[in-house]
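Heads up, the thing below is written out as structure tokens.
The values are calculated or read from the model by the stated rules, or taken from the named source; none is laboratory data. This structure is a prediction, so every number in the text was calculated from the model and none was measured. In this analysis, Cβ positions are derived from the backbone assuming ideal geometry, glycine residues included, and neighbour counts consider all displayed protein chains.
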Amino acid sequence: MKEIKHIDFRDQIARNKRNSFFLSIVVFAVLIALGYTIGQFVRADFFGFMIIWIIFSIGYIWVSYYFSANISLVAVGAKKADPKQYRQIYNIVEGLSIASGLPMPKIYIMQNPQINAFASGRDAKNAVVCLTTGAIEKLNKDDLGGVLAHELTHIKNYDIRFVTLVAVMVGLISIISEIFLRSLWYGNRNNDRKNGNAILLVIGIALAIIAPIVVKLVQLAISRRREFMADAGSVEITRYPKGLIEALKKIKGDKPMKVNQAVAPLFFSDPTKSRIISLFQTHPPLDERIRILESM
Amino acid sequence: MFPILWVILGAVALLLLLAWSYFNRFAVLTNRIENSSAQIDVQLKKRADLVPNLVETVKGYMKHEKSVVQSVTDARKVLVGAKGFAEKVKAGDVLGNALGRIFAIAENYPNLKANENFLELQRELSSIEDKIAYARQFYNDSILEYDNLRSTFPGNMFASIFNKPVKPYLQIPESSREPVKVKFD
């Protein structure tokens, strides 16, 4: 039983690394396709534009990979936790790191009254965990242990690499296509190009419409199994399911929080607390998570 | 003639590959066990370093409990002088129990409980206590994984080829299974 679980975790790690790689390739391809389409509307030097665009795309993927944690921390406005003021948090995280055999992650705090947390980074050595001020105020030591162990499991399984990459890389695609769509709407009224461009226009519009939908679907597809596995991993670290259960119950009674849509899948519990089931949900419902934990 | 040669060559290559992967897995797990025992050691040392401070703080208040205070000092001495992992862990348990008694008795001394220095030490020691427990848990988890590899086929064959011995689990000592009547929060 134990052995099977460990193999599962190894599978998950391999899967996440593979997915991160493929995601980078796909994002690169989509960027190039987008650039090509936009390039058709650039009157001047098409090749010059494409070269700059390719350099930009590679740079974009490089930056997303190496600075994904920083970008997500900036996106939610988190600050590094002061070791003196947050002594207890540091102590809990250190203990859990020891129990899971991980290096100690950096700890960040974001100002937000809702109970929530996330982990980010490209691997365990460059990982961060971030807690909301609400979580620190409303959760006791055992609850926090459950939540933080859940985040450490995301780190251990390399969920953080893939999910952060999705949030960062894909977040920008949606922004770019949105800008493109808007400029098409306003900028091309007096376009006097030949009818070959009509096809490109259609492709461009299609791409601009499809991109955000693809983005949304990718976001949705990624999180659910990860969350269940991280809950199980949390219990494996703390050997105390009650802490995590209590934390989830307290979140149930909480209000939704406002946060950048792109980073929503990173969080411990769905920040938007959407009640629309299935397709548009990044996290399994709280009740289901609690039920499974209680049966452990 | 040729096919047989290829089959033999293939089998040898497969065997070598298998031996190579098992050798590495044993090496990784052995390192992990060593690393986790070092973690326990670090925490035990941190705790031992805080004890003289605690004794200083407590001494003035607990005039009638000299023997308890003395037992903590003695336990620390044994721990600092202990050699080898098993001995250190055992001495660490004794010290842990002695500290537990001190904190239990401290409940009866309101002045002591109001002492900022004491509270700080109590918090610090209780968090070290947690970390020791976690380090032991990780140690035992690592042993379990090593043990599984050692005792299942074909790991058991490679274990004897590479001469990988049985490694002992850390036992949870009888005395610490009873709940210590101390509130840490």
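A quick yes/no check of all residues on (1) touching a Lys or Arg at 6+ places or on another chain (Cβ under 7 Å); (2) within 24 Å of A:SER120 (Cβ to Cβ); (3) at pLDDT below 85; (4) within 14 Å of chain B (Cβ to nearest Cβ):
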residue	(1), (2), (3), (4)
A:PHE21	no, yes, no, no
A:ALA29	no, no, no, no
A:PHE41	no, no, yes, no
A:ALA44	no, no, yes, no
A:TRP62	no, yes, no, no
A:ALA75	no, yes, yes, no
**Message:** Being more than 30 Å from B:PHE162 (Cβ to Cβ), at pLDDT 90 or above and touching an Asp or Glu at 6+ places or on another chain (Cβ under 7 Å): is that true of B:LEU50 here?
**Reply:** yes
**Asked** Condition test on B:ALA91, is it away from chain A (no Cβ under 14 Å) and buried (at least 20 other Cβ atoms within 10 Å of the Cβ)?
**Response** yes
**Asked** Restricting to the range A:71-93, what's the tally of residues that are crowded, with 16+ Cβ neighbours inside 10 Å and either among the polar types (S, T, N, Q) or without any contact (Cβ under 8 Å) to a residue 12 or more places away in the chain (or both)?
**Response** 2
**Asked** Of the residues that make up the range A:109-120, is at least one within 12 Å of chain B (Cβ to nearest Cβ) and surrounded by 18 or more Cβ atoms within 10 Å (Cβ to Cβ)?
**Response** no
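Quick one: would you say A:GLY48 is surrounded by fewer than 15 Cβ atoms within 10 Å (Cβ to Cβ) and within 14 Å of A:PHE118 (Cβ to Cβ)?
Against the criterion (surrounded by fewer than 15 Cβ atoms within 10 Å (Cβ to Cβ) and within 14 Å of A:PHE118 (Cβ to Cβ)), A:GLY48 does not qualify.
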**Asked** Name the pairs: first residue in the range A:98-120 and free of Cβ contacts under 8 Å to residues at least 40 places away in the same chain and among the aromatic types (Phe, Trp, Tyr), second residue surrounded by fewer than 20 Cβ atoms within 10 Å (Cβ to Cβ) and part of a strand (DSSP E or B), Cβ to Cβ under 7 Å, at least 6 apart or on different chains?
**Response** A:TYR108/A:LYS79; A:TYR108/A:LYS80
**Message:** Can you tell me which condition B:TYR61 does not meet? The list is (1) modelled with pLDDT under 90; (2) within 14 Å of chain A (Cβ to nearest Cβ), and all the others hold.
**Reply:** (2)
**Item:** Boolean, A:ILE4 is modelled with pLDDT under 90, surrounded by fewer than 17 Cβ atoms within 10 Å (Cβ to Cβ) and within 14 Å of chain B (Cβ to nearest Cβ)
**Value:** yes
**Prompt:** Can you tell me which residues in the range A:87-108 are under 15 Å from A:ILE237 (Cβ atoms), more than 9 Å from chain B (Cβ to nearest Cβ) and of a type in the set (Val, Ile, Thr)?
**Reply:** A:VAL93
**Item:** Test: B:GLU65 is more than 30 Å from A:ARG10 (Cα to Cα), out of contact with any helix residue (DSSP H, G or I) (no Cβ under 7 Å at 6 or more places or on another chain) and surrounded by 10 or more Cβ atoms within 10 Å (Cβ to Cβ)
**Value:** no
**Prompt:** How many residues, within the range B:96-147, are facing chain A (nearest Cβ under 9 Å) and farther than 23 Å from A:GLY101 by Cβ?
**Reply:** 2
**In the range A:121-150, the residues that are touching an Asp or Glu at 6+ places or on another chain (Cβ under 7 Å) and either away from chain B (no Cβ under 14 Å) or under 26 Å from B:ARG32 (Cβ atoms) (or both)** = A:VAL129, A:HIS150
**Request:** Please state which one of B:PHE85, B:PHE103, B:PHE138 is of a type in the set (Phe, Trp, Tyr), in contact (Cβ under 8 Å) with a residue 24 or more places away in the chain and more than 30 Å from B:SER21 (Cα to Cα).
**Result:** B:PHE103
